[in-house]
């Protein structure tokens, strides 16, 4: 029997899981249009490989990973690329972003699918396959899986089946229905990091999922562990704490303490990729809340929210928006044409009855209930004050970046202060300042380099000129010494080298001028001839005067 | 009595020698305050402050020759940071002087550009690529939006394009919500 540990704080919000967990999952039919944002993961945006008008096959890569912390995106079905451009995406800003829009052709023709013989593959090769297969963490943060599993040594592999957020039941259904496949995916991850122990943590409000996983894990050495239901047990750091007693250091990653963590849905996606050659094209989504038939639906990435709500027999009256994700951390949106992305694990149809508007806030009374609830062991009330006063440096000193934005503090706040909004505001301000600082540093470097380059060019020019003069001087001196007679004829008796060079140049120019014939001088009228003659006479006069003057000045 | 004098004199000489030695050995090159001020300035190198670049302005501030409210690209935030660094009062931008503008980058209309290289020579951060009689273009990522390339252009083909907000650069707003009046 394993001894479980505790993390600090946590809350017990109403679960609302039974609404959707008891219906078997269904598969969504092909939608009319698929919109695939190029940024569906943490890290660099993927680079589009297709153009409008291209025909794509199901599973064909349509955007490649850009750099290491990035992941590829694939066509979820065969069809025609309609556009590559801006489309609204599920993001708190509501701003449009780069998306690939595909019109399915209905045939659902697969591209080449080859299962990988992963046991005989090099580790690096397998990691690249994960990246090019578009595998990212499906727990919600969408961190590219190949980065998570890149560095050894890993002592403990933690598989996250806790699913602690209310309303969401995708992992529950997946474990109940596809336990064997999940275990096959876990085997691939185990092969990658060869951990000493593999633990699956599942909250005790999912007894059927626990039973299914236990059965699938029999004789594999994988341990299924029942953990008490407490929000946010499903947080990576919190689950690791519960199962191993180890704490992920501030600002660190689980790998720093020899732990790798992955969601059950990610393990399932890894299984589809490795054992069936199918990249990440679809995911299980809970459609619940104010709908006729709350349920889990396996849906192609890029499907609009509206189609999913229709599949759950439509929204009930009183609908006033959607939550993507759970009620604690999810994103509130109004647009039902937003696409499902890799991070969308749940759509909660909102109504004023289910989610009454938050009561207006009262001033903070420093009761520190938020500090008692904080699972990251922070001081939320201090962070709130600092964020409110825009004292971002102070907020960072109080480990603002260890905040996982779980919303437990705001949930317990008796003054109903939207605390998480303050932390998000402070975090994005700090990031923006960092970006500005980096840009300024780059500009300074470029400016300094430019100044130095100009200085260097000047120096080099001066050196070259000095060398040339020296060489010319040496050349004329040797010439003068070797053949005094011809030199004397061209140079004046004074022996002034510079004057000699100028005279030589003038002579050359005269010769050149004499060679050049005037153009358009044939077939001229007598009048034109007369004009030319007059001009020539004037020129001759000027030349005569100039000669006269130089003679005077020389004398 | 004499012994005490010798001892005191000896100590004085020894300490003096030590101070003299460390003054030479641990001498700080340049003015560290200038670098600190330069670190706060936005490095647009635009010259709107009246100095030929950020470093000269930083030097002028450090020498007490320039005010801290002469850098429009730094915005009021920049003035606040300078005030904090130097321990002086915050000063708003003066009336009639250059005011902060939204961040923009230069854009060359390539149909009009004649390839004269004048803007290349004006750019303080080498953010324009091109050559004589070849079309020029702005490397938008490196452009600081200093507008120094606009004046020299003989055909007026350079314009400033404000940077649009994207999903990547978007910031969360300061939370605004109704607060209930306590009775």
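Before moving on, here are some points about what is shown:
- One residue from B:94, B:74, B:78 being over 23 Å from residue A:443 (Cα atoms) and touching a residue at least 12 places away in the same chain (Cβ under 8 Å): B:94
- Here residue A:93 meets each of (1) outside any strand (DSSP E or B); (2) within 14 Å of another protein chain (Cβ to nearest Cβ); (3) in contact (Cβ under 8 Å) with a residue 12 or more places away in the chain; (4) out of contact with any helix residue (DSSP H, G or I) (no Cβ under 8 Å at 6 or more places or on another chain) with one exception, condition (3).
- Single match in B:39, B:74 (criterion: assigned to a helix (DSSP H, G or I), within 8 Å of the chain's Cα centre (by Cα) and farther than 18 Å from residue B:148 by Cβ): B:39
- Residue match in the range A:117-128 (condition: surrounded by 21 or more Cβ atoms within 10 Å (Cβ to Cβ), in the same structural domain as residue A:24 (by TED's automatic domain parsing) and part of a loop (DSSP other than H, G, I, E, B)): no
- Taking the numbered list (1) crowded, with 18+ Cβ neighbours inside 10 Å; (2) within 26 Å of residue A:408 (Cα to Cα) in turn, residue A:207 passes all entries but (1).
- If you go through the range A:339-354 and keep only what is in contact (Cβ under 8 Å) with a residue 40 or more places away in the chain, within 36 Å of the chain's Cα centre (by Cα) and assigned to a loop (DSSP other than H, G, I, E, B), you end up with A:340, A:341, A:342, A:343, A:344, A:345, A:354.
- Within the range A:425-462, the only residue that satisfies the criterion of being crowded, with 17+ Cβ neighbours inside 10 Å, more than 7 Å from every other protein chain (Cβ to nearest Cβ) and either free of Cβ contacts under 8 Å to residues at least 24 places away in the same chain or touching a strand residue (DSSP E or B) at 6+ places or on another chain (Cβ under 8 Å) (or both) is A:439.
- Just one of the listed residues (B:173, B:136) is in contact with a helix residue (DSSP H, G or I) (Cβ under 9 Å, 6 or more places away or on another chain), modelled with pLDDT of 90 or more and either within 14 Å of chain A (Cβ to nearest Cβ) or surrounded by 14 or more Cβ atoms within 10 Å (Cβ to Cβ) (or both), and it is B:136.
- Considering residues of the range B:117-133 that are part of a loop (DSSP other than H, G, I, E, B) and loosely packed, with under 14 Cβ neighbours inside 10 Å only, the residue nearest to the chain's Cα centre (by Cα): B:131
- Among the residues of the range B:42-55, those that are under 8 Å from the mean Cα position of the chain (by Cα) and buried (at least 23 other Cβ atoms within 10 Å of the Cβ) comprise B:42, B:43, B:44, B:45, B:54.
- Taking the conditions (1) closer than 18 Å to residue A:179 by Cβ; (2) in contact with a strand residue (DSSP E or B) (Cβ under 9 Å, 6 or more places away or on another chain) in turn, residue A:275 satisfies each one other than (2).
- Set A:239, A:243, A:300: member being surrounded by 20 or more Cβ atoms within 10 Å (Cβ to Cβ), farther than 27 Å from residue A:12 by Cα and assigned by TED's automatic domain parsing to the domain that holds residue A:90: A:300
- Picking from residues in the range A:339-363 that are within 11 Å of another protein chain (Cβ to nearest Cβ) and over 30 Å from residue A:40 (Cβ atoms), the one that is surrounded by the fewest Cβ atoms within 10 Å (Cβ to Cβ) is A:357.
- Residue in the range B:9-29 that is assigned to a loop (DSSP other than H, G, I, E, B), within 14 Å of chain A (Cβ to nearest Cβ) and over 19 Å from residue A:440 (Cα atoms) present: no
- Taking the criterion of being touching a helix residue (DSSP H, G or I) at 6+ places or on another chain (Cβ under 6 Å), surrounded by fewer than 20 Cβ atoms within 10 Å (Cβ to Cβ) and assigned to a helix (DSSP H, G or I), the only residue of the range A:401-424 that qualifies is A:412.
- Checking each residue of the range B:88-98 against the condition of being under 30 Å from residue B:127 (Cβ atoms), within 14 Å of another protein chain (Cβ to nearest Cβ), out of contact with any strand residue (DSSP E or B) (no Cβ under 6 Å at 6 or more places or on another chain) and at pLDDT below 90 gives no match.
- Close pairs (9 angstrom Cβ cut-off, 6 or more residues apart or separate chains): under 19 Å from residue A:475 (Cα atoms) in the range A:496-516, in a helix (DSSP H, G or I) and modelled with pLDDT under 85 anywhere: A:497/A:480; A:500/A:487; A:500/A:490; A:503/A:490; A:504/A:490
- If you go through the range A:31-56 and pick out every residue that is part of a loop (DSSP other than H, G, I, E, B), over 28 Å from residue A:309 (Cβ atoms) and away from every other protein chain (no Cβ under 14 Å), you end up with 6.
- Residues in the range B:100-116 that are closer than 14 Å to residue B:157 by Cβ and either within 14 Å of chain A (Cβ to nearest Cβ) or surrounded by 18 or more Cβ atoms within 10 Å (Cβ to Cβ) (or both): 3 in all.
- Residues in the range B:30-55 that are out of contact with any helix residue (DSSP H, G or I) (no Cβ under 9 Å at 6 or more places or on another chain) and within 14 Å of chain A (Cβ to nearest Cβ): B:30, B:52.
- Scanning the range A:75-90 for residues that are part of a strand (DSSP E or B), within 11 Å of another protein chain (Cβ to nearest Cβ) and either crowded, with 20+ Cβ neighbours inside 10 Å or touching a residue at least 24 places away in the same chain (Cβ under 8 Å) (or both) turns up just one, A:88.
- Those residues of the range B:146-164 which are farther than 23 Å from residue A:452 by Cβ and assigned to a loop (DSSP other than H, G, I, E, B), in sequence order: B:147, B:150, B:151, B:153, B:154, B:155, B:156, B:157, B:163, B:164
The values are calculated or read from the model by the stated rules, or taken from the named source; none is laboratory data. Since we're looking at a predicted model, the values are computed, not measured. Methodologically, a virtual Cβ is constructed for each residue, glycine included, from the backbone with ideal geometry; neighbour enumeration extends over all protein chains shown.
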